[in-house]
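*Asks:* Pasting a structure here, questions to come.
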């Protein structure tokens with residue numbers, strides 16, 4: 001328990017108090033074995049929920065480190081094959097929508113035909129969602145770009161002057177120590193070479209800086225056209241960018257068109273493999289079942305990687321328009337991130353209610369509903385891959401199903417009145433017959 005901000009002494013005291021309360025409640029109910037077992041079951045599940053929730057809350061309260069990663073259910077849902085798996089993945093991000101928005105070609109055209117178009121014509125065919133991001137850059141961004149270019153121009157001249165000055169000083173020092181005219185001539189030749197190099201480097205740097213200034217002279221219109229055209233060339237298959245591909249060492253240069261085709265192919269392979277497995281109810285954890293899981297994961301990964309790389313290319317082009325500075329966009333909290341926060345505190349709340357016997361039946365049903373949702377994301381069907389960190393080899397029935405049934409059974413009994421705050425909170429509203437064991 002050292003990973004929680006709760007002293008071990010407090011945890012042990014709580015555990016001891018819980019066991020004592022369990023014994024007292026059992027004694028109060030005439031040492032009923034049924035009461036003891038049901039209360040022990042409720043407290044065990046409540047303890048499990050409470051500390052699982054506390055751990056997740058603590059992971060967010062602690063800064064990310066090598067040993068701590070803030071809780072997120074995204075990896076769990078990323079490979080979820082169940083009925084609600086795809087829906088849950090979209091709560092965090094929707095790669096298919098990102099790809100459709102940023103990589104759909106406004107006009108069908110071959111790569112060769114697109115390459116023959118001029119930059120303004122290519123820019124016109126940049127996907128609208130991406131073009132809008134470049135157009136959103138304000139005049140302030142262009143001014144920043146121009147200011148940075150002017151600073152580069154000044155820096156180029158200053159660097160050249162310093163290099164010339166250093167070369168001259170080195171020549172004077174070498175000349176004073178020269179013992180012959182040949183030594184003086186060599187010192188002068190070295191200095192002349194250094195001064196010539198400094199001038200050449202300065203001219204080159206000034207030319208590059210001046211080119212940037214000229215590009216910003218029209219308010220950045222040419223810069224925006226260049227950015228749109230660059231992205232459109234990647235989308236239409238003219239230009240390629242390095243990327244990682246499964247089974248290939250090193251980077252592979254591919255266009256967006258190539259990668260979209262690969263994503264579609266991977267999705268088709270995964271779908272065909274799943275269809276072949278479905279009718280036979282799968283093969284447990286056999287080779288065929290693992291291959292289906294791999295195909296599905298390959299398709300999900302390829303789609304996510306393409307959406308990520310498309311966003312990275314847009315950010316790279318925006319940075320170029322913004323004078324080399326990253327364009328910081330307002331962070332948007334996804335529904336999945338909000339769902340994670342709700343989940344953490346839901347586990348804490350439900351666990352605490354079960355431990356303290358407060359609104360026990362409602363807490364049992366809420367916890368059971370949560371487990372049903374978890375099961376629907378990763379059903380223990382033999383033709384589906386096992387979820388991450390699964391113990392054993394469940395077939396149709398896993399620990400979530402068992403715990404869910406146990407919670408529903410607990411909801412049928414007034415365990416909160418046997419041991420808990422329900423005995424106080426619900427007393428004005430319910431009559432309790434201890435002999436019948438019902439409220």
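*Asks:* Which residue is farthest from the chain's Cα centre (by Cα), if the candidates are limited to the range 83-109 and must be over 19 Å from residue 230 (Cβ atoms) and loosely packed, with under 15 Cβ neighbours inside 10 Å?
*Replies:* 108
One line per residue, one yes/no per condition, for (1) under 24 Å from the mean Cα position of the chain (by Cα); (2) more than 27 Å from residue 322 (Cα to Cα); (3) surrounded by 15 or more Cβ atoms within 10 Å (Cβ to Cβ); (4) in contact (Cβ under 8 Å) with a residue 12 or more places away in the chain:
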{"position": "202", "(1), (2), (3), (4)": "no, no, yes, yes"}
{"position": "210", "(1), (2), (3), (4)": "no, no, yes, yes"}
{"position": "243", "(1), (2), (3), (4)": "yes, no, yes, yes"}
{"position": "260", "(1), (2), (3), (4)": "yes, yes, yes, yes"}
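*Asks:* Suppose we filter 114, 77 for residues that are closer than 25 Å to residue 310 by Cβ, surrounded by 17 or more Cβ atoms within 10 Å (Cβ to Cβ), within 36 Å of the chain's Cα centre (by Cα) and at pLDDT below 90; which single one remains?
*Replies:* 77
*Asks:* A further question follows. Let me spell it out: the conditions are (1) at pLDDT 85 or above; (2) part of a helix (DSSP H, G or I); (3) surrounded by 13 or more Cβ atoms within 10 Å (Cβ to Cβ); (4) under 33 Å from the mean Cα position of the chain (by Cα), and residue 288 meets all of them except one. Which number is the exception?
*Replies:* (1)
*Asks:* If a residue has to be over 13 Å from residue 305 (Cα atoms), outside any strand (DSSP E or B) and out of contact with any helix residue (DSSP H, G or I) (no Cβ under 7 Å at 6 or more places or on another chain) to count, how many in the range 236-256 make the cut?
*Replies:* So the count comes out to 6.
*Asks:* Another question, then. Determine which single condition residue 420 fails, assuming it passes every other condition in (1) under 28 Å from the mean Cα position of the chain (by Cα); (2) in a loop (DSSP other than H, G, I, E, B).
*Replies:* (1)
*Asks:* Looking only at residues that are loosely packed, with under 13 Cβ neighbours inside 10 Å and at pLDDT 85 or above in the range 185-200, which one is nearest to the chain's Cα centre (by Cα)?
*Replies:* 200
*Asks:* Filter the range 24-56 down to residues that are farther than 22 Å from residue 409 by Cβ and surrounded by fewer than 17 Cβ atoms within 10 Å (Cβ to Cβ) and give me whichever is nearest to the chain's Cα centre (by Cα).
*Replies:* Per the stated criteria, the residue is 55.
*Asks:* Among the residues of the range 312-342, which ones are farther than 22 Å from residue 79 by Cα and assigned to a helix (DSSP H, G or I)?
*Replies:* Those that are farther than 22 Å from residue 79 by Cα and assigned to a helix (DSSP H, G or I): 312, 313, 314, 315, 316, 317, 318, 319, 320, 321.
*Asks:* Also, quick follow-up: Can residue 44 be described as part of a helix (DSSP H, G or I) and either farther than 22 Å from residue 367 by Cβ or free of Cβ contacts under 8 Å to residues at least 12 places away in the same chain (or both)?
*Replies:* Considered against the rule, which asks whether it is part of a helix (DSSP H, G or I) and either farther than 22 Å from residue 367 by Cβ or free of Cβ contacts under 8 Å to residues at least 12 places away in the same chain (or both), residue 44 comes out as yes.
*Asks:* While we're on this one: On the basis of being under 26 Å from residue 275 (Cα atoms) and touching a helix residue (DSSP H, G or I) at 6+ places or on another chain (Cβ under 8 Å), does residue 387 make the cut?
*Replies:* yes
Residues are listed down the side, and each one gets a yes or a no for (1) more than 34 Å from the chain's Cα centre (by Cα); (2) assigned to a helix (DSSP H, G or I); (3) at pLDDT below 90; (4) surrounded by fewer than 14 Cβ atoms within 10 Å (Cβ to Cβ):
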position	(1), (2), (3), (4)
346	no, yes, no, no
349	no, yes, no, no
367	no, yes, no, no
374	no, yes, no, no
382	no, no, yes, no
404	no, yes, no, no
427	yes, no, yes, yes
430	yes, no, yes, yes
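*Asks:* Looking at residue 137, is it assigned to a loop (DSSP other than H, G, I, E, B) and surrounded by 14 or more Cβ atoms within 10 Å (Cβ to Cβ)?
*Replies:* yes
*Asks:* In the range 262-285, which residues are at pLDDT below 85, in contact with a helix residue (DSSP H, G or I) (Cβ under 9 Å, 6 or more places away or on another chain) and surrounded by 14 or more Cβ atoms within 10 Å (Cβ to Cβ)?
*Replies:* 270, 273, 274, 277, 282, 283
*Asks:* All but one of (1) under 22 Å from the mean Cα position of the chain (by Cα); (2) modelled with pLDDT under 85; (3) surrounded by fewer than 20 Cβ atoms within 10 Å (Cβ to Cβ) hold for residue 300; state the number of the condition that does not hold.
*Replies:* Condition not satisfied by residue 300: (3).
*Asks:* Residues to consider are 130, 142, 164; find the one that is under 23 Å from residue 324 (Cβ atoms) and at pLDDT 85 or above.
*Replies:* 130
The values are calculated or read from the model by the stated rules, or taken from the named source; none is laboratory data. What you are looking at is a predicted structure, and each value in this text was computed from that prediction instead of being measured. Cβ coordinates were reconstructed from backbone atoms using ideal geometry, including for glycine residues, and neighbour counts include every protein chain displayed.
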